[in-house]
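Every number here is computed from the coordinates shown, using simple stated rules; none is lab data. Small disclaimer: the values here were computed from a predicted structure and weren't measured. Glycine gets a Cβ as well: all are built from the backbone with ideal geometry, and neighbour counts include every protein chain shown.
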Amino acid sequence: MKLLEGKTAIITGAASPRGLGKATAMLFAQHGARVAILDLDVDEAAEAAADLPGEGHVSRVCDVTDKAACEAVAADLINALGAVDILVNNAGITQPLKLMDIAPENYDAVLDVNLRGTLYMSQALIPHLRSRGQGSIVNMSSVSAQRGGGIFGGPHYSAAKAGILGLTKAMARELAPDGVRSNAICPGFIATDITAGKLTDEMRAQVLEGIPMGRAGTADDVAGCCLFLASDLSAYVTGSEVDVNGGSLIH
């Protein structure tokens, strides 16, 4: 059964070959969706779209921190694809800094891509979703938001990802009467390009010790939750935060 047959999805920050966005794009395509991959690198984005099974997938360059760019790409994609049903705000960056080492430019970079980008891209598509009386927005938060960091991202990353949780819930409340849902995913320790090579064996062992399931998550683990929240299986789910962390945070 294809859960997204006839649906169209936009996924930001989805060009990285081993990233959460690309895995989500792949799963969505397998479930019948047409996917638009947004990223900063034109060639990587085009390559990622060409990798997807099925037809009609497209790619666009977009800096999610630029409101005008988000509005332009949204209008372009609505025109090119006819309609958009799903937005996955996946674009994000992290920096492993301690509290007192966060300079103004570090704060700006991390908050802008993670939080401002989620807001701008959502704002760009909400009028269209509202006009159709349906739609699903999935925002990528992190276990870091819930437990105050502890693995990679600094406190500014925790703050940005916690901001995404607040934004997701406020959006859910405001958009629900219009038939548009908004939910967040909180991945725990996931093996991706962001985490690759950043941990010593000792650190990795320590992290795994804190995970009851005893393994790092995979990008596919997160993609599966994105599929659930994007599809009609979650038709009565809005304003939620779904934990994908192997039990490392149970609350």
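Things worth noting here:
- Hz values of 3J(HN,Hα) by residue in region 110-124 - Karplus curve (6.51, -1.76, 1.60), Gly and Pro given as x: 6, 5, 5, 5, 6, 9, 4, x, 5, 5, 4, 5, 5, 4, 5
- Every Cα-Cα pair of the chain was included, and the share exceeding 23 Å stands at 47 percent.
- The Cβ shell under 11 Å around residue 125 holds other residues with a net charge of 0, Lys and Arg each +1, Asp and Glu each -1.
- Signed unit charges on C-beta, dipole axis of the chain, positive-most listed residue 233, 117, 95: 233
- Helix-only mean residue ellipticity at 222 nm for the chain, each DSSP H run of n ≥ 4 adding -39500 (n - 2.57), per residue, nearest 500: -13000 deg cm²/dmol
- Convex hull volume per residue in cubic angstrom - Cα atoms of region 81-172: 92 Å³
- Relative contact order of the chain, defined on C-alpha pairs under 8 angstrom at six or more residues apart (%): 19 percent
- Inverse mean reciprocal Cα-Cα distance (Kirkwood Rh) of region 1-136, Å: 15.2 Å
- In straight-distance terms, cross-link reach from residue 67 covers every one of the lysines whose alpha-carbon lies under 20 Å from its own, apart from those fewer than eight places away in the same chain; here that gives 161.
- A cut-off under 10 angstrom between Cβ atoms defines the neighbours of residue 189, and their net charge, with Lys, Arg +1 and Asp, Glu -1, is +2.
- Here the Kirkwood formula, the inverse mean of 1/r across different C-alpha pairs, assigns region 1-65 a hydrodynamic radius of 11.3 Å.
- Point-charge dipole on Cβ atoms (K/R +1, D/E -1) for the chain, about Cα centre, debye to 20: 700 debye
- Charge context of residue 165, other residues only, Cβ under 14 angstrom, K/R +1, D/E -1: +2
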